[in-house]
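To keep things clear, I will list the structure first and then write my remarks on it.
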Amino acid sequence: MIYLITGTPGTGKTAFAVSSIINNREGLFKYETEDGDMVDRPLYFCHIDGLNEKALKAHRLTEEQIQSAPLNELVPEGSVVIVDEADYAYPTRAAAKEVPPYIKTLKELRHHGFTLILMVQHPTMLDSYLRNLVGKHWHLERKQVGTKLYEFYRCETNLSAACAVKGVVSDFYKPDKKAFRYYKSASVHIKFKKKLHPIFYGLGLLLVCTPLFVYYTGGRFVKRYYGGEGQAESVAVVEASAAVADMPPQSAYPATVAAASNPLPPGSKVEDYRPRIANLQETAPIYDNLR
């Protein structure tokens, strides 16, 4: 089967491939014998700078060797072949030009138990005949919030559209640090600085300001519509209770009943109907003008 790994420089293609080797991704690099033992498959690579061949038990191939003959004439059956910068070994070809034998025979990979893993920056940099033989395509792409790994079951040349499809298999990707022990990725490492979209800063500001807004506006609302009225009602009840408490026991009840059953005329007060002498209602101030 042919696997394809794509991504712009620095997205971690080689780290992904090396991590796949040491972690036996999808069981591609080891197989189980009848006795239950795990055995390494023969491993060959091309164009991976500084790969620790001894630690990974890998063997080197050149582009010239790959182009010179079909794989079954170069490596033993059951081998895994990893080709970085695969556009050197499998470059694009004019449509009128015949397919080279070393590419045409790749359609028979399974007959010999081969696994071919190709790495390139973009699928369109490879021979079109080879692209049609790809069985799985992993694509690494930088995003505002990190690098994402997309997975397709064929070679996708229109990556911008394919990655935007709803439901596409994807996950955030971070290179396995253990992989860097087995190869040299670059002589000088330049850290890629991500510039976040302004909307992310706006979301952060919103998260900070929302609780403060709710706290201050909610407090003012409660104070205005509940605290003030409650306080005024409490004062009114206290004053009314104090007035009734000051009345003699005999006159308090009749005056209260009268005030409750007969609404006061405009401009009148409760005190106008309070008799100066107990049990003599005519001594109330309201009747002074009638004498």
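Taking the Cα centre of the range 107-168 as origin and assigning +1 to Lys and Arg Cβ atoms and -1 to Asp and Glu Cβ atoms, the resulting dipole is close to 160 debye. Taking the number of Cβ atoms within 10 Å of each Cβ as an exposure proxy, the fewest-first ranking of E85, E271 is E271, E85.
Contour minus end-to-end for K97 and N279, with contour as 0.36 nm per residue of separation and end-to-end as the Cα-Cα distance? Mind dumping the intermediate values first?
Numbers: separation 182, 0.36 × 182 = 65.52 nm, distance 12.72 nm.
Between K97 and N279, full extension yields an extra 52.8 nm.
Treating r as the C-beta distance of V169 and L206 and R0 as 51 Å, the FRET efficiency rounds to 0.95.
Exposure proxy shown here: for I48, I277, the number of other Cβ atoms within 10 Å sets the order, fewest to most, as I277, I48. The chymotrypsin sites (Phe, Trp or Tyr not before Pro) of the range 75-157 that meet both conditions, a loop assignment by DSSP and at most 14 other Cβ atoms within 10 Å of the site Cβ, are Y153. With contacts taken as Cα pairs under 8 Å at a separation of at least 6 residues, the range 1-118 carries a relative contact order of 31 percent. Taking a sphere under 13 Å around the Cβ of E26 and counting the other residues whose Cβ falls inside, with K and R at +1 and D and E at -1, yields a net charge of +3. Restricting attention to the range 2-181, lysine pairs at least eight places apart or on different chains and with alpha-carbon atoms under 18 angstrom apart total 17.
Listing H111, H59 from fewest to most neighbouring C-beta atoms within 10 Å gives H111, H59.
Every number in this text was worked out from the coordinates using simple rules, so none of it is lab data. All values derive from a computational prediction rather than experimental measurement. Heads up, the Cβs are rebuilt from the backbone with ideal geometry, glycines too, and the neighbour counts pull from every protein chain shown.
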